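Undergrad: Next up is a structure, given as structure tokens.
Values in this text are rule-based calculations from the coordinates and carry no lab data. Computed from a predicted structure; not experimentally measured. Here the Cβ is made from the backbone with ideal geometry for all residues, glycine too, and neighbour counts use every protein chain on show.
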Amino acid sequence: MSAVGEHGDGPPRHPFDVVVVGSANADLVVRVERHPAPGETVLGSELAVHPGGKGANQAVAAARLGARVALLGRVGADQHGRLLRESLEHDGVDHGHLHDTPAASGIAMIAVGPQGDNSIIVAPGANARVTEGDVLQAAPLLRSAPVVSLQLEIPLPAVLAAARLARRAVVNLSPAAPVPDELLALCDPLVVNEHEAALLLGVPGEADRQAKSLLALGPRSVVITLGADGAVVAEDGAVHAVPSPRVAAVDTTGAGDAFTGALAWRLAVGEPLTAAAAFAARVGAAAVRRPGAQDSYPTMAEVEDL
């Protein structure tokens, strides 16, 4: 891909707006009338298999909106791995750094309730084989991108290595886990939901106070997603509330990834954080109107209609 504009003039263009370093899973989805209690069995719908994983989800979400995106990660040389590659290619995501691995592809088992709420269990599979070496081998790719998007469904050493190389690291600390201070200091922004914020801080609280407390831990900026209530953004000591359009939720699976992918893209093209978060909230709202994760992600035209 050329590093200049389409007609050879204009400012230099980066090969990719966003490089995502993260997971790719096959989502095994069952709809249930209610989530089971411990020890209980409930009947669900027929099993549906969709492409997913936080890394692949964020990559597809950004690409659907018009971003140039590459995904670095690992999948198994199996049926699910082929499904994941085909999905990425269909949406224009570069998967040249998605390595085949002698292990099963990652799997997410998802139960979706009647209100669109979900519970998820992830078996990492090949995602657990992503190494610091994989990241260092792709160092020129990461250094060239305005934004690198990261999550915690791959091993922490690989995440930290990618954040060190990134010009700007958007780090979604999901699933929530203890991370070194060095990684927190590289987050710009740190992206978490209310539950993840509470786990990181050790106590629940109001979102604006949580954002200030998280900012005090060292990240350059913080975004807390609030589902239907939008998000809270904290940077330079100030906190801003970002609303979300009101929609009828069908399935919230992957909505946070839609938000983060959209956020990363808008930051990559130079939008201020609060404006980028406001756009991302619209993308997340659009995503919950359809079932599935990647299948639900909107195009730019659909976001503008919303």
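Undergrad: Going by amide H atoms built from the backbone, whose H comes under 5 Å of the H on A231, apart from near neighbours?
TA: HN-HN under 5 Å from A231: L226, V242.
Undergrad: Taking 25 Å as R0, compute the FRET efficiency from the Cβ-Cβ separation of V250 and R209 and round it to 0.05.
TA: Calculated value: 0.20.
Undergrad: In addition: Can you list the equivalent-ellipsoid semi-axes of the range 119-192, largest first and in whole Å, using the square root of 5 times each Cα gyration tensor eigenvalue?
TA: Working from the Cα gyration tensor, I get semi-axes of 19, 16, 10 Å.
Undergrad: To continue, here is another question. Using only the Cα atoms of the range 77-133, what do you get for the radius of gyration and for Dmax, in Å?
TA: Taking only Cα atoms of the range 77-133, I get Rg and Dmax of 13.7, 43 Å.
Undergrad: Which three extents, in angstrom, do the Cα atoms of the chain have along their principal axes, listed largest first?
TA: Extents along the principal axes: 60, 46, 41 Å.
Undergrad: Quick one: what does P(r) look like for the range 31-95 with 5 Å bins over all Cα pairs, in whole %?
TA: Bins of 5 Å from zero give 3, 16, 22, 15, 10, 11, 12, 7, 2, 0 percent of pairs.
Undergrad: Starting from a Cα-only point model with no solvent, please compute log10 I(q)/I(0) by Debye for the range 227-269 at q = 0.13, 0.20, 0.25, 0.34 1/Å.
TA: -0.36, -0.79, -1.06, -1.16
Undergrad: Taking the alpha-carbon set of the range 76-230, what are its Rg and Dmax in Å?
TA: Rg and Dmax of the range 76-230, Cα atoms, are 16.8, 46 Å.
Undergrad: Semi-axes of the equivalent ellipsoid of the range 21-63: what are they in whole Å, largest first, if each equals the square root of 5 times a C-alpha gyration tensor eigenvalue?
TA: 28, 11, 8
Undergrad: Under a crude label model (7 Å from the Cα following the beta-carbon direction), how far is E33 from Q115 in nanometres?
TA: Result: 1.8 nm between the two label points.
Undergrad: Percent of Cα-Cα pairs more than 19 Å apart in the range 191-246, please.
TA: Tail of P(r) above 19 Å: 18 percent of Cα pairs.
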